[in-house]
Amino acid sequence: MQSAIRSPSQLAQFLKQSRKSRKLSQKELADLAGVPQVTISSIESGARNPSIPTLFSLLVAMDLELAAQA
């Protein structure tokens with residue numbers, strides 16, 4: 001079971017690990033998600049947080065789902 005993501009830094013780490021496990025470069029993921037490569041780099045380094053539309057584009061590009069639990 002995947003542990004909960006509770007902070008921006010955990011989200012950045014999750015996205016980076018997900019990208020690497022799919023053997024995608026930052027450029028390849030950026031192209032798939034329709035965002036600049038610098039956006040991926042900035043998110044993964046923690047320099048910026050993804051907007052909601054960017055987050056969903058990244059999730060779709062890596063065939064991931066967002067699940068919430070009450």
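Expected output is a single nm value to one decimal: the length gained when fully extending between SER42 and LYS20, i.e. 0.36 nm times separation in residues minus the C-alpha distance. What is it? Could you put the intermediate results ahead of the total?
On the way: separation 22, 0.36 × 22 = 7.92 nm, distance 1.58 nm.
Once the chain is fully extended between SER42 and LYS20, it gains 6.3 nm.
Scan the chain for GluC sites (Glu not before Pro) in coil per DSSP, keeping those whose Cβ has at most 13 other Cβ atoms within 10 Å, and list them by number.
On the way: sites: GLU28, GLU44, GLU65; in loops: GLU65.
In loop regions of the chain (DSSP not H, G, I, E or B), the sparsely surrounded GluC sites (Glu not before Pro) are GLU65.
Kindly provide the helix-only [θ] at 222 nm of the chain, computed as the sum of -39,500 (n - 2.57) over DSSP H runs of four or more divided by all residues, to the nearest 500 deg cm²/dmol? Present the calculation step by step, with values, prior to reporting the outcome.
Details: 4 runs with 41 residues, N = 70.
Result for the chain: -17500 deg cm²/dmol, rounded to the nearest 500.
Residues of the chain: accessible area per residue at 1.4 Å, in Å²? Let's see the in-between values first.
Working: 4940 Å² over 70 residues.
Computed with neighbouring chains in place, this is 71 Å² per residue.
Just flag the trypsin sites (Lys or Arg not before Pro) in the range 1-33 sitting in loop per DSSP whose Cβ has no more than 14 other Cβ atoms within 10 Å.
Values: sites: ARG6, LYS16, ARG19, LYS20, ARG22, LYS23, LYS27; in loops: ARG6, ARG22, LYS23.
In loop regions of the range 1-33 (DSSP not H, G, I, E or B), the sparsely surrounded trypsin sites (Lys or Arg not before Pro) are ARG6, ARG22, LYS23.
What value in Å³ per residue do you get for the convex hull of the alpha-carbon atoms in the chain? The partial results should precede the final answer.
Values: hull volume 6.1 nm³, N = 70.
So the per-residue hull volume is 88 Å³.
Give me the percent relative contact order of the range 9-69, please, defined on Cα pairs under 8 angstrom at least 6 residues apart.
Working: 43 pairs, mean separation 19.8, N = 61.
This gives 32 percent for the range 9-69.
What does the charge count near VAL38 come to, summing +1 for each Lys or Arg and -1 for each Asp or Glu among other residues with Cβ under 14 Å from its Cβ?
Working: positive: LYS27, ARG48; negative: ASP31, GLU44.
Around VAL38, the charge tally is 0.
Once neighbouring chains are kept in place and the probe is 1.4 Å, which whole percent of the accessible area of the chain is contributed by carbon and sulfur? Before the final figure, lay out the partial values.
Values: 2610 of 4940 Å².
Answer for the chain: carbon and sulfur cover 53 percent of the accessible area.
The values are calculated or read from the model by the stated rules, or taken from the named source; none is laboratory data. Predicted, not measured: the structure shown is a model, and the values here were computed from it. A quick note on method: Cβ atoms are made from the backbone with ideal geometry, for glycine too, and the neighbour counts reach across all protein chains shown. Heads up: the accessible areas ignore ligands, DNA and RNA and are worked out on the full protein's heavy atoms, side chains in. Shrake-Rupley method; radii C 1.70, N 1.55, O 1.52, S 1.80 Å.
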